[in-house]
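The next block holds one structure in the form of structure tokens; read it before the comments.
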Amino acid sequence: MNSSNFLKALNLQKHDTPPIWLMRQAGRYLPEYQKIRRDYKNFLDMCKKPEICARLALQPIERYDLDASILFSDILTVPDAFGLGLAFYEGEGPKFSNPISEPENIANLKSFDLNTLDYVFRAVEETKKILPVDLPLIGFCGSPWTLAAYSIEGSGSKDFKKTKQFLSEQPQALKDFLNILTDACFQYLKQQVLSGVNAIQIFDSWADLLTTKDLETFSLIYTRKLAQMLKDDHTTKKIPIILFEKAPKMNIQDLVFKDLSCISLYWQEDIKNASTTLRNKLAIQGNLNPKVLLESDEIIWNETKKICQIMKNYPGFIFNLGHGVTPNIDPKKVEVMIKAIRS
Ligand code: 1CP
């Protein structure tokens, strides 16, 4: 048995004070992050230093006494391992030098070699060494769909035009690619578990690009398959899986499936409705609009309390934001939110 409130909540136990962690809790809004980040030109070089990753993962824990830590890495390490040539340029976000632009690129992909991601597994080990005892560490990956979208687009984008065109013109090649990514994500998450993570989150950050039908066909099928593979494997079968879907065009009951322990609710979702639908089935985390943290202390306090009030008697509620902390947020505002939750 473990004594962590976060893991207890994932097992649907009720708490007077919900466990707290934040998506993108380590990162650019923290001055202590910026201080270390300045030493690296390319963000990926920093991700390849396990001791540095461990220190970065610990920063928000030390500042806010959060209930879970998340591995410091990025979802794009997996497409990078396929040789797509990831780099992060100053102020521009991620860019691939060899994106997927035609079916031949998928047919000719080099095979996935888990050893190329050894730096991630060593980061897990280093992080576990310095985290407080019993503080759970969350491992993660992008959903196959979200990884495919970045790999085809070659970068972040407002409209993901190339990706949408690829989907409509080359659906079979896309499905082949999604299967390859699903397999790679399984191996990647399994090795994170073997290295010490206690729970897993899958980020489907580009779910909002898909229509209801395509969300099922090009994303959920593969995420369910990935979860099934984890549940079928003796090393990973007991690890709780959390799913984040950004603005999915689907009802919550159609989105969730049996292998999930928790759904991470986007800020536009109706948490009251979700709590009625999912009660005693799944833990719920998230939902506070990250933009609320740009408001006055009073608004932050009230909006936080609103969610706590709705979820007061929900077995398995984890406080989180409805998407990641953005770089423009004042770290002191996060303290206001945490005080409201714990008061
Ligand atoms: O220049 C910098 O300092 C890099 C900023 C940064 C950081 C701190 C990036 C680039 N990635 C990360 C770390 C990161 N990314 C973590 C660990 C830190 C933590 O959460 O505490 C995690 C879990 C991620 C996951 C991630 N990366 C997602 C899924 C979550 C989400 O926000 O939806 C996505 C979409 C990415 C891609 C990515 N990596 C980095 C950026 C700026 C982006 C987004 C680019 C875009 O807008 O398309």
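Points worth noting:
- Local net charge near residue 19, Cβ-Cβ under 15 Å (Lys/Arg +1, Asp/Glu -1): 0
- For the range 21-81, alpha-carbon Rg relative to the globular expectation (2.2 N^0.38 Å, N residues): 1.09
- Extension gain, residue 115 back to residue 133 (0.36 nm per residue minus Cα-Cα distance, nm): 3.7 nm
- A helix-only calculation puts the chain at -12500 deg cm²/dmol for mean residue ellipticity at 222 nm, using -39500 (n - 2.57) for each DSSP H run of at least four residues, averaged over all residues.
- Degrees, to the nearest 10: 171-195 long Cα axis against longest axis of the chain: 50
- Trypsin sites (Lys or Arg not before Pro) lying in DSSP loop within the range 297-343, provided at most 15 other Cβ fall within 10 Å: 312
- Alpha-carbon gyration tensor eigenvalues x 5, square-rooted, for the range 265-319, Å: 22, 11, 8
- Positive-end residue, the range 5-342 charge dipole about Cα centroid, Cβ charges, pick of 108, 321, 209: 321
- Sites matching trypsin sites (Lys or Arg not before Pro) across the range 85-154 that sit in DSSP coil, with at most 13 neighbouring C-beta atoms within 10 Å: 110
- Helix axis angle, 144-153 relative to the chain longest principal axis, alpha carbon, degrees: 60
- Inter-centroid distance (Cα atoms) of the range 326-343 relative to the range 235-313, Å: 18
- Once the Cα atoms are used to define both axes, helix 297-310 deviates from the longest principal axis of the chain by about 90 degrees.
- Kirkwood hydrodynamic radius (C-alpha pairs) into Stokes-Einstein, the range 197-302, 37 °C and 0.692 mPa s, D in µm²/s: 221
- Packing-based ranking, highest mean first, of 44-50, 228-234 given that Cβ atoms within 10 Å are counted: 44-50, 228-234
- Its relative contact order, with pairs defined as Cα atoms under 8 Å and 6+ residues apart, puts the chain at 22 percent.
- Expressed per residue, the C-alpha convex hull volume of the chain stands at 123 Å³.
- Estimated translational diffusion coefficient (Stokes-Einstein, Kirkwood radius over Cα pairs, 10 °C, 1.306 mPa s) of the range 51-127: 109 µm² per second.
- Within the range 21-122, chymotrypsin sites (Phe, Trp or Tyr not before Pro) in DSSP loop having at most 15 other beta-carbon neighbours inside 10 Å: 40
- Zone residues, the range 241-267, relative to residue 291, backbone N less than 16 Å from point 7 Å out along Cα-to-Cβ: 247, 266-267
- Whole-Å distance, taken between Cα centres, linking the range 109-181 and the range 71-100: 9
- Residue with peak Gaussian network fluctuation, the chain [Cα springs, cutoff 10 Å], from 179, 198, 251: 251
- For the chain, built as a Gaussian network whose Cα springs stay under 10 Å, the top-fluctuating residue of 217, 127, 304: 217
Where a number appears in this text, it was derived from the coordinates with a stated rule and is not lab data. As the structure is a computational prediction, the values presented were derived from the model and not from experiment. Every residue, glycine as well, gets a Cβ built from its backbone with ideal geometry; the counts of neighbours run over all protein chains shown.
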